[in-house]
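The values are calculated or read from the model by the stated rules, or taken from the named source; none is laboratory data. Everything numeric in this text was worked out from a predicted model, so none of it was measured. Cβ placement follows ideal geometry from the backbone for every residue including glycine, while neighbour counts extend to all protein chains displayed. For accessibility, only protein heavy atoms count, side chains too; no ligands or nucleic acids. Shrake-Rupley method; radii C 1.70, N 1.55, O 1.52, S 1.80 Å.
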Amino acid sequence: DAEEYQPPIWKSYLYQLQQEAPRPKRIICPREVENRPKYYGREFHGIISREQADEILAGVEGAYILRESQRQPGCYTLALRFGNQTLNYRLFYDGKHFVGEKRFESIHDLVTDGLITLYIETKASEYISKMTTNPIYEHIGYATLLREKVSRRLSRTKNESRKASVTSEENTPVEKITSLVRRAALTQNDNHFNYEKAHNFKVHTFRGPHWCEYCANFMWGLIAQGVRCSDCGLNVHKQCSKYVPNDCQPDLKRIKRVYCCDLTTLVKAHNTQRPMVVDSCIREIEARGLKSEGIYRVSGFTEHIEDVKMAFDRDGEKADISASIYPDINIIAGALKLYFRDLPIPVITYDTYSKFIEAAKISNPDERLEAIHEVLMLLPAAHYETLRYLMIHLKKVTLHEKENFMNAENLGIVFGPTLMRPPEDSTLATLNDMRYQKLIVQILIENEDVLF
């Protein structure tokens, strides 16, 4: 637990280099410059040549000025002294200042970050190129230690776990248990469904010193120093993110909603085989709706379906969708279809869409079935399991065709566009593929015992 946990030994070399980097020195223009852009300060020297800029900055490491190009009036340049030479960068402004990808509130911040980057890349280019070769992320002793300690913490009873609320006097706050530790513990949890999931990395600005949870090196710079997984909170260098395995274990606290959430992210966050929306709705429909005429074809009231959606987003698996709250079973059926329609990546994924369509076009029934089976094997595990479970359910629906008038073909018409969408948002492609979408779902229902 938090008292026992020993943080890894972070590598401080790059942090020391950042501390040593030259500090920016603004060289103010001694005269008032006409037509100075309002978003530049007195470091703007007007239209001057590279040679003049070099003279102004000579001998002062970290010194900088802004100038307007002689060759291209209206274009601006940052002239910066580093490594005993003057470097010139084309400067842009769109509400923030930038010379590359990073955007800064002030020229001073841009120069500070630039000097840090230049200094570290000059002094440690070879070190940086090799820093991913022996990552702490894969260090067997470190990972095993964490798993043992955190697994013990997770298995304790509520009474025993009170120890985890550490006092400030011990100076070992619970925050020390990083996303790396949580992930190590979850990996060892036998009850956790082992679906592979890529990390959802996004560029992030870290406040205060931060170290990469992959290579253990300092994340240098003022802003956008690295990337953070928005699903599990893993913090790594951008270059290290390419080497991190697809082992994201989403943190439930980061999952803001149920609908419109990536399917694999949702099931891993809730530690379930399938999205609980699917389980809850199917359980309710099988309990009281299998014989309902036109089930899945007859629409429920849109407002009530939205209510069910909000209930799942708000209460998760505790959402009450019983007959006492929603007597019309078509509302529950509508909520299930809406869940599938709202998925950012459909159950039948964009990557496999064209392969399914091509399989549907095969005229020989046996060859077509074989081709569909092969494409099913390409689905991500959570998508495959969700589709399998849904097809078993829809097969049950067809067994009551005499009462509900819903056969596999009818259900294919309903669920084809719901479960699979073309990667490009093309109305023409959708219209052309509709009969094949219907056919795919119809075949999946009729042959669920063979295909899954």
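Remark: relative contact order (the chain) = 11 percent; criterion is Cα-Cα distance under 8 angstrom and separation of 6 or more residues. Antiparallel beta bridges, as assigned by DSSP with both residues in the chain, represent about 75 percent of the total such bridges.
Element breakdown for the stretch 27-93 at a 1.4 angstrom probe: carbon and sulfur atoms account for 44% of the accessible area. In the chain, the DSSP-assigned H stretches of four residues or longer account for a calculated mean residue ellipticity at 222 nm of -13500 deg cm²/dmol, using -39500 (n - 2.57) per stretch and the full residue count as denominator. Of the solvent-accessible surface of the stretch 221-280, computed with a 1.4 Å probe and all protein chains present, 46% belongs to carbon and sulfur. Scalar couplings 3J(HN,Hα) for the stretch 213-225, obtained by applying the Karplus form with A = 6.51, B = -1.76, C = 1.60 to θ = phi - 60°, are 7, 9, 9, 6, 8, 4, 9, 7, x, 8, 9, 6, 6 Hz; x denotes Gly and Pro. Charge dipole of the stretch 12-130 (Cα centre as origin; +1 on each Lys and Arg Cβ, -1 on each Asp and Glu Cβ, all else neutral): 160 debye, rounded to the nearest 20.
Here's the list of lysines a cross-link from K130 could span, going by alpha-carbon distance under 30 Å and ignoring same-chain residues fewer than 8 apart: K11, K102, K176, K197, K202, K238, K242. Placing +1 on the Cβ of every Lys and Arg and -1 on the Cβ of every Asp and Glu, with nothing else charged, gives the stretch 269-342 a dipole about its Cα centre of roughly 260 debye. Counting only protein heavy atoms and a 1.4 Å probe, the chain has 52 square angstrom of accessible area per residue.
Going by a ≥ b ≥ c, the root eigenvalues of the Cα gyration tensor, does the stretch 12-130 fall in the rounded group (a/c under 1.5), the prolate group (a/b larger than b/c) or the oblate group?
Verdict is prolate for the stretch 12-130.
Here Kirkwood radius over Cα pairs in Å was calculated from the structure, and among (i) 24.2; (ii) 26.7; (iii) 23.0 it sits at label (ii).
What GluC sites (Glu not before Pro) does the stretch 397-452 have in DSSP loop regions with at most 11 other beta carbons within 10 Å?
Sites meeting the loop and neighbour criteria: E424.
Ignoring lysines fewer than eight residues from K395 along the same chain, the ones with Cα atoms less than 28 angstrom from its Cα are K268, K291, K309, K318, K337, K355, K361, K438. In terms of the Cα gyration tensor, with a ≥ b ≥ c the square roots of its eigenvalues, is the stretch 201-254 rounded because a/c is under 1.5, prolate because a/b exceeds b/c, or oblate? Judged from the Cα gyration tensor, the stretch 201-254 comes out oblate (a/c at least 1.5, b/c at or above a/b). Overall, the ratio between the Cα radius of gyration of the stretch 350-450 and 2.2 N^0.38 Å, rounded to two decimals, is 1.04. Which is farthest toward the positive dipole end of the chain among L234, I305, H270, measuring Cα position about the Cα centre, with Cβ charges +1 (Lys, Arg) and -1 (Asp, Glu)? After comparing all options, I get L234. Only Lys, Arg, Asp and Glu carry charge here, each on its Cβ (+1 for the first two, -1 for the last two); on that basis the chain has a dipole of about 1120 debye about its Cα centre.
Report, to the nearest whole %, how much of the accessible area of the stretch 350-450 belongs to carbon and sulfur atoms, 1.4 Å probe, protein only. After summing per-atom areas, the C and S share lands at 52 percent.
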